[in-house]
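One structure below.
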Amino acid sequence: MSRVQRTRVEQGVGSRKSAQMRRTQGASRLSSSVPSRRMPPVLSRSGIGINSVALDNRPVPRRRVDVPLSSPGAEIRLPAVPAVSNKWRLLSGLISVSLLLGLILLTNNELFQVHGIQVQGLERFTERDISQAINITGSSIFFINPERIKNDLQLTYPGLSEVDVQVTWPASVSISLKERSPVLAWNWDGHVRWVDENGVAFEPHDEGIDVVQVRSIILPPTIDDRFIDPRIVRTVAALDDYLPEQVDMIYTAEHGLGWHDARGWVVYFGFNDDNAEQKMNVYQSMVEYLEGKRIKPSIINIEFLDSPYFRMES
């Protein structure tokens, strides 16, 4: 190659390098003058940040059921049913229904139905009285509440002082009770209540029992929510030892207990049994004195030992 040719080749190479350098410098100036673009946000498809409540509230997808008919290409579409996504829910539902059906079968099974009761401690009451009060015959043993039976009996028959109820499988109910013993019968305005030694009143349940009769136009004095103050009950018991049979007592708010003497006067004893024997001795002495004087009183009052008196008919 001649010198002239080498010189032209070198000049061409140089001119190409110079053009490449100019393009590089121009690109750098352009990139520095044009502002950089912000990259768009990248959306994540993972579960982070997704509203799970909204997803849970989405309607359950329904499964379409198509039933082919006998004709070729013909089918019928049944109403869509929801697709069960959780098999455990279906299983728990079946178990719940099975337990419910089993409970219904047990409660209606004759083996667990009460056909009668056993009662111990009866004196004046009968098994029929007790059975009618609680009304559990034919009931399932699963629904028997011993405490409720006890309350029902004591509310229906206040004459029962103690009640104990025992329930045993498969369907046995036994009741042990204790009846109150009447010591007097309080009769006011045609209403009669038996009263035990503690002053508790209850309905008469056997008219054949012979108890002391107390007649009054008013109700007796009460204490501690009892029908009668127990002191009155003790006074009646003390007087009953001195009075002849078939003599009814009386009660007034002014003079307390007393009785109608068969000889034609009224005796007032007071409100308590303090010094009962001494009061009766004083009474006998006053009667002897009055009979000796041929005095017939209308009232003899021995309520107070230090000031007994008698009163003539006015």
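Key figures for this structure:
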| read-out | value |
| --- | --- |
| V236 being within 46 Å of the chain's Cα centre (by Cα) and part of a helix (DSSP H, G or I) | yes |
| Which listed residue is in contact (Cβ under 8 Å) with a residue 40 or more places away in the chain, under 25 Å from I209 (Cβ atoms), open to solvent by 70 Å² or more (accessible area, probe 1.4 Å) and of a type outside the set (G, A, S), from E123, E127 | E123 |
| In the range 262-280, the residues that are open to solvent by less than 90 Å² (accessible area, probe 1.4 Å) and over 54 Å from the mean Cα position of the chain (by Cα) | G264, W265 |
| Of the criteria (1) surrounded by 12 or more Cβ atoms within 10 Å (Cβ to Cβ); (2) touching a Pro at 6+ places or on another chain (Cβ under 9 Å); (3) at pLDDT below 90, which one D164 fails | (3) |
| Positions within the range 262-280 being of a type outside the set (A, V, I, L, M, F, W, C) and not in a loop (DSSP other than H, G, I, E, B), in sequence order | Y268, G270, E277, Q278, K279 |
| Selection count where residues are closer than 18 Å to I302 by Cβ and either touching a helix residue (DSSP H, G or I) at 6+ places or on another chain (Cβ under 8 Å) or open to solvent by less than 40 Å² (accessible area, probe 1.4 Å) (or both), scope the range 222-240 | 5 |
| Residues that are touching a residue at least 24 places away in the same chain (Cβ under 8 Å) and surrounded by fewer than 18 Cβ atoms within 10 Å (Cβ to Cβ), drawn from the range 185-207 | N187, W188, D189, E197, N198, E203, H205, D206 |
| Candidate set: the range 281-313, residues that are surrounded by 14 or more Cβ atoms within 10 Å (Cβ to Cβ), not charged (D, E, K, R) and not in a helix (DSSP H, G or I); chosen: the one farthest from the chain's Cα centre (by Cα) | P297 |
| Residue within the range 130-153 that is open to solvent by less than 60 Å² (accessible area, probe 1.4 Å) and within 24 Å of D248 (Cα to Cα) present | no |
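The values are calculated or read from the model by the stated rules, or taken from the named source; none is laboratory data. Computed from a predicted structure; not experimentally measured. Cβ: placed from backbone, ideal geometry, glycine included. Neighbour counts: every protein chain shown. Please note that ligands, DNA and RNA were not included when accessible areas were found on the heavy atoms of the full protein model with its side chains. Shrake-Rupley method; radii C 1.70, N 1.55, O 1.52, S 1.80 Å.
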